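Below is one structure. I have some questions about it.
The values are calculated or read from the model by the stated rules, or taken from the named source; none is laboratory data. From a predicted model like this one, the values you see are computed outputs, not experimental measurements. Cβ atoms come from the backbone with ideal geometry, glycine included; neighbour counts cover every protein chain shown. For the accessible areas, the whole protein counts, side chains as well, though only heavy atoms, and no ligand, DNA or RNA atoms are used. Shrake-Rupley method; radii C 1.70, N 1.55, O 1.52, S 1.80 Å.
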Amino acid sequence: MASDIRMIARGFWHPPGSSRAIPATLSGTGKTLFVSADGDSRDPLTMNDLIKVDISARIGSIPRRITFADGSMFETADNDAVDHWVRNHRRGGFVHELERFHPRLAVVVVGIILLAFGIYRYAVPAMVEIAVLVTPPAVTQWMASGTLLSLDQAVFSETELSLEKQQEILDGFAAVAAVSGRGPEGYNVNFRKGGAIGPNAFALPDGTLVITDELIALADGDMDMIIGVLAHEIGHVEREHSLRQLYRAAGTAGLIMLIAGDIGTAGEDILTNGAALVALSHSREAEHEADRISVELMHRAGRDPAAIGRFFEVIEAEFGLEGDSSFLSTHPGTAERRQAIADYASELKSSGAP
Amino acid sequence: MQQAAADHEPDLKRGEFRGNAREYFGIWIVNILLTILTIGVYSAWAKVRRNRYFYGNSYVDSHSFDYHARGLQILIGRVIVIAYIVIYNIVLTISPIAGIVLGLLMLLLLPWIVMRSLRFNARITSYRNIRFDFTGKTWGAFVAIIGGGLVSFLSIGILAPFASRWLYRYIFNNLRYGDRRFESDPRLGALYRVWLPAFIIFLVGAAIAAGLGALAIFSIAGSDMGGDNEIQLILAMYGVLIPTLVIFAVSGIFYRVGVRNVVMNATVFDGRHRLFSDLGRRRYFWIVLSNFVISVITLGLMRPWAAVREHRYTIEHSGILVDGPLDDVISSIERSGSAAAAEYLDIEGFDFGF
């Protein structure tokens, strides 16, 4: 029998429940492993059948640990020797083989980049659609009331608009909202003095719309323009743009977290926030869509469909802003938008019936 | 520690990290690949391999640590956490009241979860075949986490050193290695000495962020482009949010590193061996910052290098001041029996990295 005994590796042996380390040798015969103290090979310190020992999986070049049924543990840095012996007796470590620094890792890198791109391009948008579908109204209401409350505290002050003027706008709006999907009851128009954010209007996902005194002043009595802007906001609500953006940002952040794994605390915050910013670039499409809906609704309600285009003209004249849409700008260039609005309005007019 | 001249000098044993970026790259990239291919399920096993790599390469006194968690344990923990989040969200939409109750329940459960998590993390860590253990109780966690958190929050961070003291006394005074105890009593004076620079960084940074935020809001007012500037509003919030996050991160790093040094140097193992830590705050900050920049520039591909670099610095600036022969510790542990053989049925609690 002595002739079958094969020395496997040298290392340290820890007795059961002890941290004492004894220089020792691991040997094997058949499917039996045993450990003997260096210089005393006749009397094994411990022995077990292969089935009863736990051999830690190979990871990089960290020491290999072989735990015996009695709680004692043999530790060796000679990973290759252990692998060689294990391979002859049972399946080796597939994952470690994959992890070894080897040219094939380049394939893994390329594969991950393609996978990540595929997920970003196809899986995230699909998930966003599903998430939008299953989001209950209670959640959007809660989000909207929270946003409005914090804006009221931070930026807005009470409107200085006369009640008659408010009522006039509300009546005009009700007529347009009546031809929209949600109907007039689906919306709640709020008047505020914009303060730092100036002439502005925006929509919250539950149908809460806010329009600032400054914007109404800018319209200079052009009621179609004001209603056109509000119709644009209806477009955002009906297509659930803000929810989509929120989910897209969350999905992208999730993707980054999945890939980065252990990215580190500060890095994670900044990268995921950056991803959210990039996700906002999608909003250009959303603006175009809302513009088209404004044109449609105004046309159906018997008002001037191109009114929203005039609003951009005023903005341009007032602020002298010009420029083409780019990756980073969230709003398309106003000239481009005006052109698209004018084209669509004349298309609707020529097609006849509302 | 003041030693009598005739007495032996404590022998400083510094940590040593033997991993390298090249080896870890393979482990990291394969972890990502398998995590994506299994839609996240593999992430539990990925965590085990990552931690085994870092623990197994961290040496003190020429022996390394080991990490014993099983992928399945971690997976079950994660499934429970995700299931709770899903159930919480469903309940919240069906009945907001019940949802709030569930949320409060979670808050009450938090100390228990933290306690279990500390215990899990201690018990799956071993050194020289002996496992660590954590004997803290829920009430202690309640005082340390909720009490400490409230005190430091309500005092805008001014009483944060008290919270740190409670927290680390709770952690270290309940930590065991085999049957040996750790004891820690960080001095408030020392904690306040590391707190002061961090607080000054925070104050100066907060002033700069407030200035930037004001600038961002005014720049929106000037560059109004469209009827709905919800997006620009978000951008402005980012203009304030990102600098604020960065300041929190920077002062947080300075404080955490300082606290680590104070706490470890105030911790005694087995009544005489003192732990040791001499991380440089500026040096560590530089490592985190440059790691982040390099990771971003290389689209994350240098992340393994960065992780190894940060880990190496931390390990090499930690250690233990051994007072008297270390063999004494070892043999006394040997006599006291085994904590190693037990296969703990604990599952991963709420992992902070998750």
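Using modelled amide H (1.01 Å from N, peptide plane; none on Pro or chain starts), what sits under 5 Å from the amide H of A:V189, excluding residues fewer than 5 places away?
Correct list: A:L209.
Let me ask something else about it. Based on Cα positions only, what radius of gyration and what Dmax would you give for segment A:184-242, in angstroms?
Values for segment A:184-242 (Cα only, Rg and Dmax): 11.2, 30 Å.
Please state the charge dipole magnitude for segment B:166-207, taken about the Cα centre, from unit charges on C-beta atoms (+1 on K and R, -1 on D and E), reported in debye and rounded to the nearest 20.
80 debye
Leaving out ligands, DNA and RNA, what percent of the accessible area of segment A:1-112 is carbon and sulfur, probe 1.4 Å?
Solvent-exposed carbon and sulfur of segment A:1-112 make up 56 percent of the total.
What are the chymotrypsin sites (Phe, Trp or Tyr not before Pro) within segment A:94-138 that DSSP puts in a loop, where the Cβ has at most 16 other Cβ atoms within 10 Å?
A:F101
Which three extents, in angstrom, do the Cα atoms of segment A:1-76 have along their principal axes, listed largest first?
33, 23, 22
Please give me, ordered by residue number, the trypsin sites (Lys or Arg not before Pro) of segment A:162-262 that lie in loop per DSSP and have at most 13 other Cβ atoms within 10 Å.
Passing both the DSSP loop test and the Cβ count: A:R182.
Right, here's the next one. What's the buried accessible area, both sides, between B and A using a 1.4 Å probe, rounded to 100 Å²?
In total, this chain pair buries about 6200 Å².
So what does log10 I(q)/I(0) come out to for segment B:1-86 at q = 0.17, 0.22 Å⁻¹, using the Debye formula with one equal point on every Cα and no solvent?
-0.80, -1.06
Calculate one ³J(HN,Hα) per residue across segment B:141-146 by plugging θ = phi - 60° into the Karplus curve 6.51 cos²θ - 1.76 cosθ + 1.60, and present them in order as whole Hz with x for glycine and proline.
Taking θ as phi minus 60°, the curve returns 5, 4, 5, 5, 8, 6 Hz for segment B:141-146.
Calculate the all-directions average of the projected area of segment A:10-133's alpha-carbon convex hull, and give it in nm².
11.9 nm²
Also: Taking the Cα centre of segment A:125-250 as origin, work out the dipole magnitude from +1 charges on Lys and Arg Cβ and -1 charges on Asp and Glu Cβ, in debye rounded to 20.
560 debye
Next question. Can you list the HN-Hα couplings for segment A:220-231, worked out from phi with the Karplus curve (6.51, -1.76, 1.60; θ = phi - 60°), rounded to whole Hz and with x for Gly and Pro?
Karplus-based 3J(HN,Hα) across segment A:220-231 equals 6, x, 7, 5, 4, 5, 4, 5, x, 5, 5, 5 Hz.
In addition: Under a Cβ-only charge scheme (Lys and Arg +1, Asp and Glu -1), can you give me the dipole magnitude of segment B:239-297 about the Cα centre, in debye to the nearest 20?
I would put it at about 120 debye.
Take segment A:136-206, drop everything but the C-alpha atoms, weight them equally and run the Debye formula without solvent; then report log10 I(q)/I(0) at 0.13, 0.18, 0.24, 0.28 Å⁻¹ to two decimals.
-0.45, -0.86, -1.21, -1.25
Here is a further query. Ranked by accessible surface with a 1.4 Å probe, highest first, in what order do B:M106, A:M298 come?
B:M106, A:M298
Further question on the same structure: With equal scatterers on the alpha carbons only and no solvent term, can you work out the Debye log10 of I(q)/I(0) for segment A:120-266 at 0.08, 0.11 1/Å?
-0.29, -0.51
Can I ask one more? List the residues of segment B:53-81 for which accessible area in the full set of protein chains is at least 50 Å² lower than for the chain on its own; 1.4 Å probe, protein heavy atoms only.
B:H63
Mind listing, in residue-number order, the residues in segment A:90-130 that have at least 30 Å² less accessible area with every protein chain present than in their own chain alone (1.4 Å probe)?
Flagged in segment A:90-130: A:V95, A:L98, A:E99, A:F101, A:L105, A:V108, A:V109, A:I112, A:L115.
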